[in-house]
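Here is the structure we will look at, set down as structure tokens.
What follows is calculated from the coordinates using simple rules that are stated; it is not laboratory data. Please read all numbers here as calculations on a predicted model, not as lab measurements. Backbone-built Cβ (ideal geometry, glycine too); neighbour counts: all protein chains shown.
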Amino acid sequence: MIQIQDHEEGCVLSVRAQPGARRNGLVGEQNNALKVAVTAPPDQGKANQAIVELLREELNLKRSQVAILSGLTSRDKRILIRGIKAAELAKKLELLLHDG
């Protein structure tokens, strides 16, 4: 189960990054985290930028709503999603992962 925790500003999503992938996309679940594949290399924050942008697009959010809390240099990241409760994000992810 993908780990999502409530936060005072919204919720925190656990993400497992896969930089340098063939295509961008939400892959599924891995180690209680949402696996996110991006074509960008893990170089100078390019993959981090791509992950934030992909999440923003897939979840239909504004740029200011998505930020990396921890894991800038790790594959395992904690992403702050502002303005959405954990239960609402879980429903959105369920729909995205099972429809895609």
Computed helical MRE - 222 nm, the chain, DSSP H runs ≥ 4 contributing -39500 (n - 2.57), nearest 500: -8500 deg cm²/dmol
Nearest 20 debye, what's the magnitude of the dipole of region 4-99 about its Cα centre given +1 on Lys and Arg Cβ and -1 on Asp and Glu Cβ? 240
What percent does the relative contact order of the chain come to when contacts are Cα pairs within less than 8 Å and at least six residues apart? 30
What angle, in degrees between 0 and 90 and rounded to the nearest 10, separates the Cα long axis of helix 86-99 from the longest principal axis of the Cα atoms of the chain? 60
Principal axis lengths of the chain from Cα atoms, whole Å, largest first? 32, 27, 25
Fewest to most Cβ atoms within 10 Å: Asp43, Asp76, Asp99 sort as Asp99, Asp43, Asp76
Rank the residues Thr73, Thr39 as a footprinting-exposure proxy: fewest other Cβ atoms within 10 Å of their Cβ go first. Thr73, Thr39
Between 0 and 90°, nearest 10: helix 46-58 axis offset from the chain longest Cα axis: 40
Set of aspartates and glutamates with alpha-carbon distance to Lys35 below 14 Å, sequence-local pairs under 8 removed: Glu58, Asp76, Glu94
